[in-house]
1. What spacing in nm lies between the two simple spin-label points modelled at Arg26 and Ser56, each 7 Å away from Cα in the Cβ direction?
2. So which chymotrypsin sites (Phe, Trp or Tyr not before Pro) in the stretch 91-200 are both in a DSSP loop and have at most 12 other Cβ atoms within 10 Å of their Cβ?
3. Could you run the Karplus curve 6.51 cos²θ - 1.76 cosθ + 1.60 with θ = phi - 60° over the stretch 27-38 and give me ³J(HN,Hα) per residue in whole Hz, x for Gly and Pro?
4. Using a Förster radius of 30 Å, what is the FRET efficiency between Arg155 and Asn69 based on their Cβ-Cβ separation? Nearest 0.05, please.
5. Can you tell me the orientation of helix 70-81 relative to the chain, as the angle in degrees between its alpha-carbon axis and the longest Cα principal axis, to the nearest 10?
6. Could you work out the relative contact order of the chain? I mean the mean sequence separation of Cα pairs under 8 Å and 6+ apart, divided by the number of residues, in percent.
7. Could you tally the net charge around Gly173, taking each other residue with its Cβ under 15 Å from the Cβ of Gly173, Lys/Arg +1 and Asp/Glu -1?
8. Ordered by residue, what ³J(HN,Hα) values in Hz, to whole numbers, does the stretch 93-98 give under the Karplus form 6.51 cos²θ - 1.76 cosθ + 1.60, where θ = phi - 60° and Gly and Pro are x?
Amino acid sequence: MQEYIGIVGAGNQGVVVHDMLRRQRRRVCGFLDDAYPYGDVSKRILGDTSLITSGSYGEINCLIVAIGNNVARESKFYELSAHLPMINVVDDSAHVSKWAKLPGKTGLMVHPLSCIGPDSSISMDTIINTGAIVEHNVDIGKHVHLAPGAIVLGRAHVEDGAFIGGGAVIRDGLTVGKWAMVGMGSVVTRDVPEGEKWYGNPAKEVKR
């Protein structure tokens, strides 16, 4: 079936995903963004996501939720996937091992020049951003975002909803808990508990 894709989110993440799809010559109908309820022709914004939930989405027959914030992306993913199927977007310049385990068409985004190593597993609605590296035997949960240049070393676990900042390094064998946040450039040398924010080299919890 021919794809007619709607991109949810017209911010930076959405624009990058649009570029990836364009290079692959996949048909993009336009953006859907709740900040533009009446649309914006100059930005190819069709309107807000009520077009999907109300059944007024025209030729669109599949979606990708391209929102960088994990909480917002998870919410829209579940709301909208009840109405239209999701797709995956894996850039042609990304290196994905043939032994890596990727989900079916469930909202995965793998950006340019990123790398996913053998026997690693990536779950749905996750962003592997530009130049991020997932080494061998890594488990990445649902609704995760690895920011540009993040590195997750072998046999580490990044649980659902976690955010790994740009250039951060997660040492081999460690676990970053659910909805935890690791700051940009941090080096994680211990397990990060669920919901905590860790920054620095070596990284430690920061309470704010």
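Read-outs: derived from the displayed coordinates by stated rules, not from any lab. Just so we're clear, the structure is a prediction, and the values are computed from it rather than from any experiment. Virtual Cβ from ideal backbone geometry, glycine too; neighbours counted across all protein chains shown.
1. 2.7
2. Trp99
3. Here the 3J(HN,Hα) series is 7, 10, 7, x, 9, 10, 8, 5, 7, 10, x, 9 Hz.
4. Calculated value: 0.60.
5. Taking the Cα atoms of the chain, the angle to 70-81 is about 40 degrees.
6. Across the chain, relative contact order equals 11 percent.
7. -3
8. 8, 6, 9, 10, 4, 5
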